[in-house]
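I have placed the structure first, in the form of structure tokens, so that the comments after it can refer back to it.
Here, each number is a calculation from the coordinates, and none is a lab measurement. None of these values were measured; they are calculated from a predicted model. Cβ sites come from the backbone with ideal geometry, for glycine too, and all protein chains shown count toward neighbours.
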Amino acid sequence: MASLPVYNRQGEQVGAYEVDPSEFAERISKQLLHDAVVMYLANRRQGTAKNKSRSEVAGSTRKLYRQKGTGNARMGARRTPVRRGGGRAHPKRPRDWGYRLPRKALKLATRMAIAARIADEEVLLIDDLSMEAPKTRVVGKLFEKLGLEGKGVLVATADYDANVYKSVRNIAKAEVLPISDLNAYAILRPRRVIMTKAAMDALRERVKAAEPAA
């Protein structure tokens, strides 16, 4: 059983939240987490790298000089890969690096990532983060009080909150996501994960609802 600290918007600890990491995953598979993170990173690749082959670079295909009689080493066209300015022997081509793991594997990886962050005491809870208007200053001061200024932080909310999103997006290395958009990469990437109590409650309910009936 893990005890997560609960803070208010002023950065003051106001309580503790008891949660068992095994609720999300009974065991943590480093291999599955690695596979999921590699997949998400591969899907982010642009895949636009391209080099020219010897048939694409500028220049003549004429033999530079005759084969014999000059005293020089034999040499072919100017565009050959062995010459400076020639084409690449095995050039890069634009390609799609994306692929998908099975949906069940990705869902399990997300739960394992949450369980791992909880077990490592890297999850902080906020009792309430709702605000009437976007206030980057409020969130910035909260991060400063929690010792997270300038560090990678993921803020997870129960639902999409435009005011929270606009308050966090201007802070460097900070990201905000509703729990419906969480994935293993988003959870494991930052230094700390900040969740609202409502988000944690909703996550636990989603996990319980997904469990097969006894």
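Looking at the stretch 139-188, which GluC sites (Glu not before Pro) are DSSP coil and have at most 16 other C-beta atoms within 10 Å of their C-beta?
Hits after loop and neighbour filter: 149.
Once you list every other residue whose beta carbon is under 9 Å from the beta carbon of residue 2, what net charge do they have if Lys and Arg are +1 and Asp and Glu are -1?
-3
Over the stretch 50-93, consider all pairs of different Cα atoms and compute the Kirkwood hydrodynamic radius from their mean reciprocal separation; express it in Å, one decimal.
It works out to 11.2 Å.
Once the Cα atoms of helix 30-44 and of the chain are each reduced to a long axis, what angle between those two axes, in degrees from 0 to 90 to the nearest 10, is obtained?
That works out to roughly 60 degrees.
Figure the gain on full extension for residue 2 and residue 56 (residue separation times 0.36 nm, minus the Cα-Cα span) and round it to one decimal in nm.
So the extension gain works out to 13.3 nm.
By its C-alpha gyration tensor, with a ≥ b ≥ c as the square roots of the eigenvalues, how is the stretch 1-61 shaped: rounded for a/c under 1.5, else prolate for a/b larger than b/c, else oblate?
oblate
Quick one: helix 136-145 against the long Cα principal axis of the chain, what's the angle to the nearest 10°, folded into 0 to 90?
Tilt of helix 136-145: around 80 degrees.
When the chain is fully extended, how far beyond the present Cα-Cα distance does residue 65 get from residue 77, taking 0.36 nm per residue of separation?
Roughly 3.4 nm would be gained on extension.
Given the pairs 173/197; 30/208; 104/141; 107/197; 104/173, which are separated by over 31 angstrom at their Cα positions?
As for pairs spanning more than 31 Å Cα to Cα, those are 104/141.
Quick one: net charge of residue 98's neighbours, Cβ under 13 Å, K/R +1, D/E -1?
Summing Lys/Arg as +1 and Asp/Glu as -1 gives +3.
To the nearest 10 degrees, how steep is helix 197-210 against the longest Cα principal axis of the chain, on a 0 to 90 scale?
Helix 197-210 sits at roughly 80 degrees to that axis.
What per residue convex hull volume, in Å³, comes out for the chain when only alpha-carbon positions are used?
So the per-residue hull volume is 191 Å³.
At a Förster distance of 45 Å, what's the computed FRET efficiency of residue 204 paired with residue 92, Cβ-Cβ distance as r, to 0.05?
0.45
How do 41, 124 rank when sorted from fewest to most other Cβ atoms within 10 Å of their own Cβ?
If I rank by nearby Cβ atoms, fewest first, I get 41, 124.
With a cap of 12 neighbouring Cβ atoms within 10 Å, and only residues DSSP puts in a loop, list the GluC sites (Glu not before Pro) found in the stretch 1-105.
Those that pass, being in a loop and sparsely packed, are 12, 26, 56.
Using a 7 Å offset from the Cα along the Cα-to-Cβ direction at both residue 135 and residue 180, what is the distance between the two label points in nm, to one decimal?
Rounded to a tenth, the inter-label distance reads 2.7 nm.
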